[in-house]
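Below is one structure, written out as structure tokens; the observations come after it.
The values are calculated or read from the model by the stated rules, or taken from the named source; none is laboratory data. No experiment lies behind these values; they were computed from the predicted model shown. Methodologically, a virtual Cβ is constructed for each residue, glycine included, from the backbone with ideal geometry; neighbour enumeration extends over all protein chains shown.
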Amino acid sequence: MTEIDKEQENKAIAKQYKELLKISYRILSKEDKKLIRSAFDVAVDAHKHQRRKSGEAYIFHPIAVAKIVASEIGLDATSIAAALLHDVIEDTKYTFTDIEQLFGETVARIVQGLTKISKMPYEGDVSLQAENFRKMLLTLNEDIRVIIIKIADRLHNMQTMDAMPSYKQEKIASETLYIYAPMAHRIGLYKIKTELEDLSLKYTEREIYDDILSKIKDSKEEQDAYITAFSKTIKNALTAENLTYEIKGRPKSIFSIRRKIAAQNVKFDEVYDKFAVRIIYKSDLANEKFLAWKIYSIVTDNFRPNPVRLRDWISSPKSTGYEALHITVMGPKGKWVEVQIRSERMNEIAEKGFAAHYKYKNNDSDEGGLDMWLNKLQDTLENQDISAVDFVEEFKLSLYAKEIFVFTPKGDLYSLPKGASALDFAFHIHTEVGMHTRGTKVNGKLVPLSHPLQSGDQVEVITSNNAKPTANWLDYASTSRAQSKIKSSLKEERKQIANDGREILRRKLKSLKINLDDKTINQLIQFYKVKTSLDLFYRVGAGIIDNKQLKDFAASRSNVLVSFIKNKIRKQPNQSDINKNEITEKFDQLVFGKDEQQLDYKIALCCNPIAGDDVFGFLTVAEGIKVHKKNCPNAVQLQGNYNYRIQKAKWVDSSQREFKAELLISGIDVMGLVNNVTKEVSNNLNIDMKRVHFDTNDGVFTGNIVVLVKNKNILDNLVQNIKKINGIDKVTRL
């Protein structure tokens with residue numbers, strides 16, 4: 001590089017630095033500017049010999065990231081300094097200790113957190129990527145600003161990817177859609193989220209991106225004219241009311257148009273809300289809500305509103321802090337137009353997320369609001385037992401979930417994801433409330449735990465010390481918090497049963513003159529085709545493996561030939577698998593309908609589902625029920641044309657299933673007999689009583705009890721115990 005080029009480059013760097021100070025959203029004090037200047041000088045020195053793939057000096061990248069942090073996100077001087085230094089520890093001679101001595105512990109901690117994330121590998125394997133995502137979220141415990149600066153870093157990398165090879169562009173874009181866009185959405189950075197999604201589409205589906213972009217450009221003139229005509233009517237009415245306002249047209253993002261085209265199977269021209277109008281009005285805090293509804297009234301006086309498309313996030317803001325009124329109205333030429341009504345304050349919050357939200361609360365720290373979110377995040381992070389992929393999917397659901405607002409009987413307001421059930425609400429109140437939920441009332445009426453809640457519902461939770469989670473609860477809950485707590489509880493219960501099962505197994509084997517050692521455990525695991533030692537102990541503790549089956553095992557041990565053949569056929573499990581401190585979920589049985597019946601079926605050859613897949617049953621004319629995957633190529637046609645033949649189906653773990661059994665009881669009617677019978681059923685924690693009915697006739701009684709049990713052994717024990725009760729003559733299973 002010539003001296004002239006070097007001089008030009010230095011001038012450009014100095015210009016970028018001055019612009020950074022000028023565009024900062026916060027008012028910078030002398031100390032702030034001094035901190036930023038020091039960080040800038042260190043960054044320039046650290047990166048002086050580095051260049052980007054495009055050929056420009058590397059220092060332009062950290063300055064660009066700092067500008068995004070300062071202007072678009074609106075963070076403080078500490079964050080701007082950390083953004084300038086974000087690649088220094090990773091790529092240069094400077095160490096964590098150096099940064100800590102020069103800039104203090106906070107800046108050093110943020111820079112170190114960013115370095116940890118940058119070192120995460122990604123080779124396109126989803127489970128590895130998911131595990132890395134989990135690690136990245138755990139860095140939030142160090143400082144929430146780590147993730148915000150990382151989003152800014154990713155945005156600038158996405159904006160400047162043209163010089164990279166295509167395989168790298170696709171890799172980075174996929175990771176952005178998978179991780180960074182949902183995170184930006186959750187933190188309230190909607191503008192950045194939209195740009196990340198559009199840029200990701202540009203590199204993952206280039207032809208589709210270019211096609212939509214060209215169509216938007218082609219129709220821009222027509223749309224601008226339409227927006228102008230639409231706005232003119234509203235402008236006249238707003239001006240007549242002496243309001244200070246601004247009206248902006250907002251085209252829909254390329255990514256969201258693409259998503260609508262795919263989801264609704266329509267063409268570009270058929271996407272009806274490709275643009276929106278945003279009315280931003282000036283107001284003091286006291287009159288904000290009044291003016292919003294006044295503008296709403298003016299808009300709906302001139303254009304007919306769609307009553308089901310009103311979104312009031314002013315009365316109940318989103319958990320990200322977002323506030324606005326959204327209405328969809330029928331504009332000229334029969335076209336639907338979305339109108340967003342926001343004050344200047346609300347608009348800043350929508351653009352900059354938490355930073356603006358807390359500026360208006362006269363709080364210099366962004367961390368107050370972000371810490372509230374971080375506490376919610378902890379519920380997801382706490383559950384280390386689920387697989388990384390499940391973790392990410394659950395977490396992403398909670399990131400993108402739309403919200404509903406429900407009330408307690410005392411009138412307290414709670415925000416929940418759309419689709420949340422009454423059981424989700426119980427866990428949202430408190431983990432202990434959820435764990436001991438016996439029933440729920442919605443608007444004063446008793447409802448099932450699976451009842452989906454609607455905005456405005458008043459929900460009461462009925463608790464009992466004896467109530468505890470069952471496997472069915474996983475079907476009733478949809479939020480990651482409730483799911484993770486239920487899974488943890490079931491796992492703990494399962495481990496407890498497994499611990500008891502080990503002792504039961506030791507005793508029973510001793511009577512068969514067999515010692516319970518590692519070799520015997522190996523043989524038992526092979527014989528019963530279970531995956532881990534704890535799975536084996538659980539089945540013994542739950543009574544699934546009974547005395548007869550253990551005698552069969554003892555007999556097989558004495559036959560050397562049988563043992564030899566079994567060892568040849570069955571794969572020897574690794575010692576690590578046997579001793580692994582976990583219990584594997586098995587999906588070995590397919591059940592149909594609401595009552596989970598076992599029916600004869602055939603596997604569909606078009607999609608060949610296997611145990612554990614999401615499936616449904618289809619009743620054919622000649623071949624009975626055929627089982628298809630839910631994402632089978634033929635699924636849409638079958639469900640659309642023959643919906644009446646569709647059978648709900650799912651794979652279950654047979655060891656966890658509960659079976660319905662009906663007992664007929666007869667005997668002499670003595671005082672307290674009914675109480676003694678129901679007490680016997682209730683005291684057994686492995687039995688759930690569903691129905692009870694007793695009739696008496698001249699001193700003789702008959703009774704009918706319906707119970708849910710996990711296996712025949714538990715039912716047989718119950719029958720024997722009921723027979724021992726004074727006055728019982730006969731107990732028969734129907």
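Is it the case that Leu490 is within 30 Å of the chain's Cα centre (by Cα) and not in a loop (DSSP other than H, G, I, E, B)?
Details: within 30 Å of the chain's Cα centre (by Cα): yes; not in a loop (DSSP other than H, G, I, E, B): yes.
Taking the combined requirement at face value, the residue satisfies it.
Among the numbered criteria (1) part of a helix (DSSP H, G or I); (2) over 19 Å from Gly249 (Cα atoms); (3) of a type in the set (A, V, I, L, M), which one does Ile314 miss?
The number of the failed condition is (1).
So the check is Cβ under 7 Å with 6+ separation or different chains; which pairs have a first residue in segment 705-734 that's closer than 17 Å to Phe659 by Cβ and a second one that's assigned to a loop (DSSP other than H, G, I, E, B) and hydroxyl-bearing (Ser, Thr, Tyr)?
Note: no pairs meet the criteria.
If we keep just the residues of segment 17-63 that are of a type in the set (Gly, Ala, Ser) and surrounded by 20 or more Cβ atoms within 10 Å (Cβ to Cβ), which is farthest from Ala350 (Cα to Cα)? Please lay out each step first, then the result.
In the first step, residues of segment 17-63 are kept if they are of a type in the set (Gly, Ala, Ser); the result is 24, 29, 38-39, 43, 46, 54-55, 57.
Now restrict to residues that are surrounded by 20 or more Cβ atoms within 10 Å (Cβ to Cβ): 24, 39, 43, 46, 57.
On the way: Ser24: 17, Ala39: 29, Ala43: 31, Ala46: 36, Ala57: 34 Å.
Of everything passing the filter in segment 17-63, Ala46 is farthest from Ala350 (Cα to Cα).
Out of the residues in segment 588-627 that are in contact with a Ser or Thr (Cβ under 9 Å, 6 or more places away or on another chain) and closer than 26 Å to Lys710 by Cβ, which is surrounded by the most Cβ atoms within 10 Å (Cβ to Cβ)?
Checking each candidate, the answer is Gln589.
What do you reckon, is Met161 of a type outside the set (Lys, Arg), in contact (Cβ under 8 Å) with a residue 40 or more places away in the chain and not in a helix (DSSP H, G or I)?
In short, yes.
Which condition does Ala229 not pass, out of (1) surrounded by 13 or more Cβ atoms within 10 Å (Cβ to Cβ); (2) touching a residue at least 60 places away in the same chain (Cβ under 8 Å), if it passes all the others?
Of the numbered conditions (1) surrounded by 13 or more Cβ atoms within 10 Å (Cβ to Cβ); (2) touching a residue at least 60 places away in the same chain (Cβ under 8 Å), the odd one out for Ala229 is (1).
Can you tell me which residue in segment 499-517 is nearest to Arg557 (Cα to Cα), limited to those that are part of a helix (DSSP H, G or I) and out of contact with any helix residue (DSSP H, G or I) (no Cβ under 6 Å at 6 or more places or on another chain)?
Leu509
Might you let me know whether segment 86-95 holds any residue that is among the β-branched types (Val, Ile, Thr), closer than 16 Å to Lys34 by Cβ and in a helix (DSSP H, G or I)?
no
Please find, among Glu90, Glu56, Glu105, the residue that is acidic (Asp, Glu) and touching a Ser or Thr at 6+ places or on another chain (Cβ under 8 Å).
Result: Glu90 is the single residue among Glu90, Glu56, Glu105 that is acidic (Asp, Glu) and touching a Ser or Thr at 6+ places or on another chain (Cβ under 8 Å).
Here is a list: Ser533, Ser464, Ser480, Ser488. Which entry is touching a helix residue (DSSP H, G or I) at 6+ places or on another chain (Cβ under 9 Å) and surrounded by fewer than 19 Cβ atoms within 10 Å (Cβ to Cβ)?
Answer to the check: Ser488.
Given the conditions (1) within 26 Å of Asn347 (Cα to Cα); (2) in a helix (DSSP H, G or I); (3) modelled with pLDDT under 85, and given that Gly249 satisfies all but one, which numbered condition is not satisfied?
(2)
Show the residue pairs meeting these rules: Cβ distance below 7 Å; 6+ apart or different chains; first residue within segment 100-111 and within 15 Å of Asp76 (Cα to Cα); second residue acidic (Asp, Glu) and not in a helix (DSSP H, G or I).
Qualifying pairs under 7 Å: Ile110/Asp143.
Quick one: Ala81 ticks every box in (1) assigned to a loop (DSSP other than H, G, I, E, B); (2) in contact with a Ser or Thr (Cβ under 9 Å, 6 or more places away or on another chain) bar one, so which box is it?
Exception for Ala81: condition (1).
Can you list the strands (runs of 3 or more DSSP E) found entirely within segment 437-480 that contain at least 3 residues being in contact (Cβ under 8 Å) with a residue 12 or more places away in the chain?
Those strands (runs of 3 or more DSSP E) span 437-442, 459-463.
Surrounded by 16 or more Cβ atoms within 10 Å (Cβ to Cβ) and on the phi < 0 side of the Ramachandran plot: does that describe Arg507? Step through it out loud before you land on a result.
Working: surrounded by 16 or more Cβ atoms within 10 Å (Cβ to Cβ): no; on the phi < 0 side of the Ramachandran plot: yes.
When the stated conditions are applied, Arg507 does not pass them.
State all residues of segment 518-539 that are farther than 15 Å from Ala554 by Cα and of a type in the set (Val, Ile, Thr); if no residue qualifies, say none. Give the derivation first.
Filtering segment 518-539 down to residues farther than 15 Å from Ala554 by Cα leaves 518, 529-539.
Within segment 518-539, Val530, Thr532 meet the criteria.
Which residue pairs have Cβ atoms closer than 7 Å, lie 6 or more positions apart in sequence or on different chains, and pair a first residue in segment 194-208 that is more than 16 Å from Met183 (Cβ to Cβ) with a second residue that is among the charged types (D, E, K, R) and at pLDDT below 90?
Between residues of segment 194-208 that are more than 16 Å from Met183 (Cβ to Cβ) and residues that are among the charged types (D, E, K, R) and at pLDDT below 90, the close pairs are Leu201/Arg258; Tyr203/Glu170; Thr204/Glu170; Ile208/Arg258.
Residues checked against (1) touching a strand residue (DSSP E or B) at 6+ places or on another chain (Cβ under 7 Å); (2) farther than 20 Å from Tyr322 by Cβ; (3) at pLDDT 85 or above:
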site	(1), (2), (3)
Arg145	no, yes, no
Ile148	no, no, no
Pro182	no, no, no
Glu195	no, no, yes
Glu205	no, yes, yes
Ile208	no, yes, yes
Asp211	no, yes, yes
Lys217	no, yes, no
Gln223	yes, yes, no
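Need pairs with beta-carbon distance below 9 Å; first residue under 12 Å from Ala64 (Cα atoms) and within segment 9-34, second assigned to a loop (DSSP other than H, G, I, E, B) and of a type in the set (Val, Ile, Thr); sequence gap 6+ or separate chains.
Correct list of pairs: Ile13/Ile59; Gln16/Ile59.
Which of (1) surrounded by fewer than 18 Cβ atoms within 10 Å (Cβ to Cβ); (2) modelled with pLDDT of 85 or more; (3) more than 22 Å from Lys712 (Cβ to Cβ); (4) in contact with a Gly (Cβ under 9 Å, 6 or more places away or on another chain) does Asp500 not meet, given it meets every other one?
Here Asp500 clears every test but (3).
Please verify whether segment 419-435 includes one or more residues that are at pLDDT below 85, within 18 Å of His185 (Cβ to Cβ) and not assigned by TED's automatic domain parsing to the domain that holds Ile179.
yes
Please indicate, with yes or no, whether at least one residue in segment 52-72 is assigned to a loop (DSSP other than H, G, I, E, B) and within 19 Å of Val146 (Cβ to Cβ). Explain how you work it out, then say what you get.
Filtering segment 52-72 for residues assigned to a loop (DSSP other than H, G, I, E, B) gives 52-56, 58-59.
From what's left, within 19 Å of Val146 (Cβ to Cβ): none.
No, there is no match, as no residue in segment 52-72 is assigned to a loop (DSSP other than H, G, I, E, B) and within 19 Å of Val146 (Cβ to Cβ).
Which residue out of Ala57, Ala46 is among the hydrophobic types (A, V, I, L, M, F, W, C), touching a residue at least 40 places away in the same chain (Cβ under 8 Å), touching an Asp or Glu at 6+ places or on another chain (Cβ under 8 Å) and more than 14 Å from His86 (Cβ to Cβ)?
Ala57
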